[in-house]
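Student: Dropping the structure in here first, questions after.
The values are calculated or read from the model by the stated rules, or taken from the named source; none is laboratory data. What you see is a predicted model, and the numbers here were worked out from it, not measured in a lab. Neighbour counts are summed over all protein chains in view; Cβ atoms, including those assigned to glycine, are modelled from backbone coordinates with ideal geometry. Surface accessibility is based on the protein's heavy atoms, side chains included, excluding ligands, DNA and RNA. Shrake-Rupley method; radii C 1.70, N 1.55, O 1.52, S 1.80 Å.
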Amino acid sequence: MKTGIKKIAIYDPATGVTVQLNKVAPDGEFNIKAPLAVKDVNGGLYYDGDESFLEMLAYDDTGYDQLIDWMQARTPLRMRALGLDQSIFWDESTPITVKRTSSPAAGSLNAFIVNFARERGTHNIYQSSNFLKTLGRWKDGDSNGKADMLTFNSQGGFSFSNGVQQVDDTGFSSDCIITGEVIFPVSAWRCQFFIPVIVAENPNNFTGTFLNFAGGTISTHSAGSTSFAVTVPASVYKIRWRITIDSSGFGNLTQFGLPYLGPARSSYSSIDF
Amino acid sequence: MSYKHGGIKDVQYDTAGNNFAAAVSLGKPLSESEGYTPEIPEVENGAGQMLYAGKKNNGVYLIPDLTKFAALETIMKADTEVDVRVRYLDDSYETVALATLIKVRHVINTAVGSRNAFEFKFNNFEV
């Protein structure tokens, strides 16, 4: 798990309005879900909620005015940070503070500093290489034969064992559609869609879709392959990973391992479960 | 895949994510160019082993074709990201940086007997 944040999107979940910061400085501090604690009589520590804060410095020329408006209106905001490896999903609606930094000397860049902070309770803040992991772990916790992190539109014909999702479409009356969808309003980066398929009927049924705030499709991509990268378009709000097990024919079996949605990578062996 | 013999006959760039569909050739760089010299940061674990923490792609090429400078200067000032690749003597290509920012500067030599060139520099990090 490597460090490095490339872009940050701060957005209003009520309206979809987004400020994207593309010139994130290396100076900044992230502290995600640090445990607060109280001592017992023996000095042991009891978990007493989370503490999370982000301080990010950006050299961007735009976005400052909108951030100031949000700060003064105390608008609850959320944040996504696109990492070189791990990305951060700040899913707690939180007010922010913003301030400028300037220097009289030439040869540097003026910047502004944005702060998110939250204490107490458990926080819906995640850090992961694989965006789909923010939906849950690659497991079948409720023993229904379906991986918890994905959404299925059909019943029956599923099993999950040893990290492999199996779909048998024998008897399906309509296509089985399996999706994973995340909110990630960051544009202009290479997004990789990947499904490690063991047995499949048709890789053309694997698609990636970019959606706007209203849920409308901006673009859909399929490469006839189980792994492809696409440049994320402007105005994106959500990204959807989707595989369709079509009902034509009988006894078609599909098996796949942990799917991946996130920055394009040279290797998927280090994706955290 | 890297070619075993040294020598670069072309440096090319294109808008990031375009798969070099509209690659712009900068031509042969001067031999005194620093070239492509990546760095591998290391983090030591408790066993004294060095863990891989990513790769920093560094490249500096001296390009004698001064007609290519203006377009690159525009890209630099706009903070536009580009992909960069080099072409070996056997005409194979190797991509050396994806979605990188560039810096260009025009060096003017005072003494006779040399060629003016501009420096094409890129740095980015990949994991």
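Student: Does A:Ala188 satisfy the criteria of being crowded, with 16+ Cβ neighbours inside 10 Å and either in contact (Cβ under 8 Å) with a residue 12 or more places away in the chain or out of contact with any strand residue (DSSP E or B) (no Cβ under 7 Å at 6 or more places or on another chain) (or both)?
Tutor: yes
Student: Counting only residues that are open to solvent by 40 Å² or more (accessible area, probe 1.4 Å) and either in contact with a Gly (Cβ under 6 Å, 6 or more places away or on another chain) or hydrophobic (A, V, I, L, M, F, W, C) (or both), how many does segment B:63-87 have?
Tutor: Residues that pass the stated criteria total 6.
Student: Take B:Asp10 and tell me if it is within 30 Å of A:Ala188 (Cβ to Cβ), touching a Phe, Trp or Tyr at 6+ places or on another chain (Cβ under 7 Å) and acidic (Asp, Glu).
Tutor: No, not satisfied.
Student: Yes or no: segment A:25-33 includes at least one residue that is within 14 Å of another protein chain (Cβ to nearest Cβ), open to solvent by less than 60 Å² (accessible area, probe 1.4 Å) and of a type outside the set (D, E, K, R).
Tutor: Scanning segment A:25-33, I find at least one residue that is within 14 Å of another protein chain (Cβ to nearest Cβ), open to solvent by less than 60 Å² (accessible area, probe 1.4 Å) and of a type outside the set (D, E, K, R), so the answer is yes.
For every residue, the table says whether it meets (1) in contact with a helix residue (DSSP H, G or I) (Cβ under 6 Å, 6 or more places away or on another chain); (2) in a strand (DSSP E or B).
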site	(1), (2)
A:Asp148	no, no
A:Ser159	no, yes
A:Val167	no, yes
A:Ser173	no, no
A:Val182	yes, yes
A:Val186	no, no
A:Ile198	no, yes
A:Asn204	no, no
A:Thr209	no, yes
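Student: With modelled with pLDDT of 90 or more, within 29 Å of A:Ser87 (Cα to Cα) and open to solvent by 60 Å² or more (accessible area, probe 1.4 Å) as the only criterion, which of B:Lys28, B:Lys121 stands out?
Tutor: B:Lys121
Student: Follow-up question, since we're still on this one. All but one of (1) under 27 Å from A:Ala264 (Cα atoms); (2) modelled with pLDDT of 90 or more; (3) not in a strand (DSSP E or B); (4) not hydroxyl-bearing (Ser, Thr, Tyr) hold for B:Gly17, so report the exception by its number.
Tutor: Failed condition: (2).
Student: Can you tell me which of A:Asn204, A:Asn153, A:Asn124 is without any contact (Cβ under 8 Å) to a residue 40 or more places away in the chain, open to solvent by 50 Å² or more (accessible area, probe 1.4 Å) and under 20 Å from A:Leu54 (Cβ atoms)?
Tutor: Of A:Asn204, A:Asn153, A:Asn124, the one residue that is without any contact (Cβ under 8 Å) to a residue 40 or more places away in the chain, open to solvent by 50 Å² or more (accessible area, probe 1.4 Å) and under 20 Å from A:Leu54 (Cβ atoms) is A:Asn124.
Student: Suppose the filter is assigned to a strand (DSSP E or B), under 18 Å from B:Leu89 (Cβ atoms), open to solvent by 40 Å² or more (accessible area, probe 1.4 Å) and away from every other protein chain (no Cβ under 14 Å); does B:Lys4 pass it?
Tutor: Taking the combined requirement at face value, the residue does not satisfy it.
Student: Next question. Of all residues being within 14 Å of another protein chain (Cβ to nearest Cβ) and among the hydrophobic types (A, V, I, L, M, F, W, C) in segment A:71-110, which is surrounded by the fewest Cβ atoms within 10 Å (Cβ to Cβ)? Just the residue, please.
Tutor: A:Leu109
Student: Go through segment B:13-24 and give me each residue that's touching a residue at least 12 places away in the same chain (Cβ under 8 Å) and farther than 30 Å from A:Thr3 by Cβ.
Tutor: If the condition is that a residue be touching a residue at least 12 places away in the same chain (Cβ under 8 Å) and farther than 30 Å from A:Thr3 by Cβ, then B:Ala23, B:Val24 are the ones that fit.
Student: Out of all the residues in segment B:78-103, which are away from chain A (no Cβ under 14 Å) and polar (S, T, N, Q)?
Tutor: The one that is away from chain A (no Cβ under 14 Å) and polar (S, T, N, Q): B:Ser92.
Student: Just for segment A:211-232: of the residues that are assigned to a strand (DSSP E or B), hydrophobic (A, V, I, L, M, F, W, C) and more than 14 Å from chain B (Cβ to nearest Cβ), which one is nearest to A:Thr15 (Cα to Cα)?
Tutor: The residue in question is A:Leu211.
Student: Please go through segment A:1-19 and pick out each residue that is open to solvent by 30 Å² or more (accessible area, probe 1.4 Å) and away from every other protein chain (no Cβ under 13 Å).
Tutor: Correct list: A:Pro13, A:Ala14, A:Thr15, A:Val17, A:Thr18.
Student: For segment A:215-225, indicate whether the set of residues that are surrounded by fewer than 17 Cβ atoms within 10 Å (Cβ to Cβ), over 25 Å from B:Asn19 (Cβ atoms) and without any contact (Cβ under 8 Å) to a residue 24 or more places away in the chain is non-empty.
Tutor: Checked segment A:215-225: at least one residue is surrounded by fewer than 17 Cβ atoms within 10 Å (Cβ to Cβ), over 25 Å from B:Asn19 (Cβ atoms) and without any contact (Cβ under 8 Å) to a residue 24 or more places away in the chain.
Student: Still on this model: With the condition being over 22 Å from A:Thr3 (Cβ atoms) and in contact with a strand residue (DSSP E or B) (Cβ under 6 Å, 6 or more places away or on another chain), I'd like the strands (runs of 3 or more DSSP E) fully within segment B:25-110 carrying at least 2 qualifying residues.
Tutor: B:55-63, B:82-88, B:93-107
Student: For B:Asn57, only one of the following conditions fails: (1) in contact with a Pro (Cβ under 9 Å, 6 or more places away or on another chain); (2) surrounded by 14 or more Cβ atoms within 10 Å (Cβ to Cβ); (3) more than 14 Å from chain A (Cβ to nearest Cβ). What is its number?
Tutor: (3)
Student: Considering only segment A:248-273, state which residues are crowded, with 19+ Cβ neighbours inside 10 Å and at pLDDT 85 or above.
Tutor: A:Phe256, A:Leu258, A:Pro259, A:Tyr260, A:Leu261, A:Gly262, A:Pro263, A:Ala264
Student: For residues in segment A:233-247 being touching a strand residue (DSSP E or B) at 6+ places or on another chain (Cβ under 7 Å) and assigned to a loop (DSSP other than H, G, I, E, B), which is most open to solvent (accessible area, probe 1.4 Å)?
Tutor: A:Ser235
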